[in-house]
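Here the structure comes first, spelled out in structure tokens, and everything after it is commentary.
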Amino acid sequence: MVKSPRKRRSLRGLLPADAGGVNFNFCRNPNCRNFAVPFNPDRVRGSFELGSYRLEGGGRHGSQLHCVLCDRKTSIVSNAAAVLEIQRLRTANGPLRHESCPGAQCENHEFPVLIHPERYYRHGLTKAGVRR
Ligand SMILES: [Zn+2]
């Protein structure tokens, strides 16, 4: 049986392209000089300069980015998917919007009641006698 030659995988070919001007594939160790520094494809191979990473492959963790400065491994993420998720969190399913007057024409529509309670007043009691 003849073995086919194994293709050598490299970070340059594996890392996803930037999305929206951001790249989330970097060292996650805040005490490392490579923190928030993406892979530098022009680095000298085997050096310890900024942006130096190695590809750790396979296994049950999938391909990982291995920081040569602090030895930490992080999962490789899709930049496009991360940008979409941030967009999603900022809109429909994201942080709750503060309650304000629902009428779009009302001058209080842009003033949430929690931040501007002086612009609202309470009125009436519920059937149980509790203030609404
Ligand atoms: Zn690091």
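What follows draws every value from the coordinates through simple rules; no lab data is involved. Everything numeric here is computed off the predicted structure, so don't read it as measured data. Because the Cβ atoms are built from the backbone with ideal geometry, glycine has one as well, and the counts that use them run over all protein chains shown.
Figures for the structure shown
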| quantity | calculated |
| --- | --- |
| Relative exposure of 125, 15, 65, judged by other C-beta atoms within 10 Å (fewest first) | 125, 15, 65 |
| Full-extension gain in nm, residue 99 to residue 19, via 0.36 nm per residue minus C-alpha separation | 25.5 nm |
| Relative exposure of 100, 78, 52, judged by other C-beta atoms within 10 Å (fewest first) | 78, 100, 52 |
| Test item: Cα-centred dipole of the range 21-132, Lys/Arg +1 and Asp/Glu -1 on Cβ, debye | 400 debye |
| Directionally averaged shadow of the range 5-79, computed from the convex hull of its alpha-carbon atoms, nm² | 5.5 nm² |
| Within the chain, longest stretch free of exposed GluC sites (Glu not before Pro) [DSSP loop, at most 10 other beta carbons within 10 Å] | 1-98 |
| Relative compactness, the chain, computed as alpha-carbon Rg over 2.2 N^0.38 Å | 1.82 |
| Relative contact order (percent, whole number), the chain, Cα cutoff 8 Å, 6+ residue spacing | 16 percent |
| Other-chain or far-sequence residues with amide H under 5 Å of residue 43's (modelled H) | none |
| Share antiparallel - DSSP beta bridges, the chain, percent rounded to 5 | 90 percent |
| Tilt relative to the chain, helix 79-90 - C-alpha long axis, 0 to 90 degrees, to 10 | 10 degrees |
| Gained length - residue 122 relative to residue 90, 0.36 nm times residue gap less alpha-carbon distance | 8.5 nm |
| Dipole of the range 87-132, positive direction: furthest Cα of 100, 128, 117, with charges on the beta-carbon | 128 |
